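The structure appears right after this line, and notes come after that.
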């Protein structure tokens with residue numbers, strides 16, 4: 001039985017449990033639902049929960065442990081000579097058995113032993129799936145039967161359901177928190193390994209970035225240079241160019257849509273503007289590499305300027321266009337949140353519409369606008385594709401927007417691509433860069449939160 005079929009069966013049983021619980025609760029009071037503590041729907045949800053939750057937990061646990069169990073059984077059935085192989089070779093053999101069982105390409109010619117192991121693996125999978133199907137359905141049916149014994153007019157079904165929903169929401173929050181902690185700890189752990197090889201001072205304040213690893217003992221420049229200053233300079237340069245483009249356009253667009261545009265114009269312009277947010281970044285990268293960068297290079301040649309084929313200016317311009325809807329949408333929401341009474345009071349005192357916007361609306365919405373700009377900066381700092389395709393990969397310490405630069409995110413991708421040893425300084429540098437970028441973006445978000453809380457306007 002496939003997991004999909006099991007899911008369909010559990011959904012059908014859950015729906016049945018809902019209607020069964022609701023009808024059972026109604027029958028207990030002979031149709032007089034006023035005699036029930038809760039509405040009949042809550043009794044239905046209560047029964048459905050007892051049907052779905054135990055079966056779902058069993059399915060999740062089994063699907064998590066089944067691959068390890070089946071793999072152990074397959075390995076134990078292999079000849080002794082194969083079981084005694086080194087861990088890496090044994091892992092490769094097991095991977096080939098999995099690929100053979102799934103009908104994928106294997107790294108070697110399949111012999112009789114591998115074919116037999118693959119057949120055995122498929123049998124174990126079939127047995128496990130069948131057992132899971134039976135156990136899960138039995139658990140679902142048992143849950144319905146148990147809920148039936150608990151149903152009574154005095155059962156606080158609404159309280160039980162709301163408590164279960166509260167626990168579910170808390171679990172979701174806990175998953176998000178644990179995920180965040182896991183990401184941070186992984187960055188910290190791997191960064192500590194990197195700083196065991198490279199000095200923290202060199203990484204934070206070094207002005208050269210040329211990560212190299214030794215392929216032979218006499219290799220020149222085998223230690224490389226791991227100064228992050230050129231990467232941060234390139235990141236900040238491109239981000240600054242993007243914000244110079246995005247902030248005025250986004251803010252002025254928000255002001256126009258919220259205070260000047262008619263409802264009909266707003267209904268057309270706002271969706272068209274926000275379409276930009278749905279365009280994949282790789283499309284922006286193609287636009288920057290094929291259109292914007294050549295145009296800037298040709299324009300620079302016409303003005304007798306030395307412009308690189310890949311420049312920070314090209315990447316910054318396109319990135320600014322990309323984050324325009326981000327600033328515009330958030331600023332529009334913030335401006336519309338300003339109470340109409342403030343506008344009416346300003347007009348009653350003789351102020352014009354432009355004066356009202358400058359003296360009343362923008363000061364009231366300033367914390368939200370500032371937060372939107374900082375969030376947009378964080379978005380620009382984390383962009384990769386546009387920089388790769390329009391700004392290049394050269395770690396160049398310069399403030400000239402006409403030269404090629406690179407960013408932290410681009411170097412992270414570059415360092416983790418290839419067959420480089422994972423414990424080398426070159427690979428571990430990606431985690432150090434990730435930790436640095438995390439600290440920068442976290443600081444910006446904290447500043448944005450502080451500004452919003454400090455200068456938030458309180459309206460009656």
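FYI, it's all coordinate maths here, none of it is from the lab. These figures come from a predicted structure and were not determined experimentally. Here the Cβ is made from the backbone with ideal geometry for all residues, glycine too, and neighbour counts use every protein chain on show.
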At 7 Å along the Cα-to-beta-carbon direction for both residue 90 and residue 351, put a label point, then send me their distance in nm to one decimal.
7.6
Evaluated at q = 0.17 Å⁻¹: base-10 log I(q)/I(0), Debye formula over Cα of segment 207-362
-1.04
For q = 0.14 Å⁻¹, what log10 I(q)/I(0) does segment 225-455 give under the Debye formula with an equal point scatterer on each alpha carbon and no solvent?
-0.93
I need the peptides 440-451, 150-161, 397-408 ranked by packing, meaning the mean over residues of other C-beta atoms within 10 angstrom, with the highest value on top.
397-408, 150-161, 440-451
Expected sort for 306-316, 341-351, 68-78 on mean C-beta neighbours within 10 Å, highest first, is 306-316, 68-78, 341-351
In nm, to one decimal, how far is the modelled label at residue 453 from the one at residue 366, with both set 7 Å along Cα→Cβ?
2.0
Relative contact order (percent) for segment 225-455, with alpha-carbon contacts under 8 angstrom and 6 or more residues of separation?
30
With a cut-off of 8 Å between alpha carbons and a minimum separation of six or more residues, what is the relative contact order of segment 3-155 in percent?
38
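On full extension of the chain, what length is gained from residue 262 through residue 66, given 0.36 nm per residue of separation minus the C-alpha to C-alpha distance? Intermediate values should be presented prior to the final figure.
Working: separation 196, 0.36 × 196 = 70.56 nm, distance 6.04 nm.
Roughly 64.5 nm would be gained on extension.
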Please work out how much length the chain gains when fully extended from residue 37 to residue 146, using 0.36 nm per residue of separation minus the C-alpha to C-alpha distance, in nm with one decimal.
37.3 nm
Before rounding to the nearest 500, sum -39500 (n - 2.57) across all DSSP H runs of length at least 4 in the chain and divide by the residue total; then give [θ] at 222 nm in deg cm²/dmol.
-24000 deg cm²/dmol
Once normalised by the length of the chain, the mean sequence separation of its alpha carbon contacts under 8 Å that are 6 or more apart gives a contact order in percent of 16
Alpha carbon centroid spacing (whole Å) that separates segment 324-340 from segment 257-293
16
Where does each of 296-305, 280-289 land if you order them by average Cβ count within 10 Å, highest first?
280-289, 296-305
Structure-derived Cα extents along the principal axes in Å - corresponding label in (i) 67, 57, 41; (ii) 81, 81, 39; (iii) 92, 65, 38:
(ii)
With 0.36 nm assigned to each residue of separation and the Cα-Cα distance removed, residue 8 to residue 173 gains 56.7 nm
Could you give me the percent of Cα pairs per 10 Å distance bin for segment 54-94, shortest bin first, beginning at zero and ending with the bin that holds the maximum distance?
26, 39, 20, 13, 1
Modelling each spin label as a point 7 Å along the Cα-to-Cβ direction, I'd like the residue 443/residue 274 distance in nm, to one decimal.
3.4
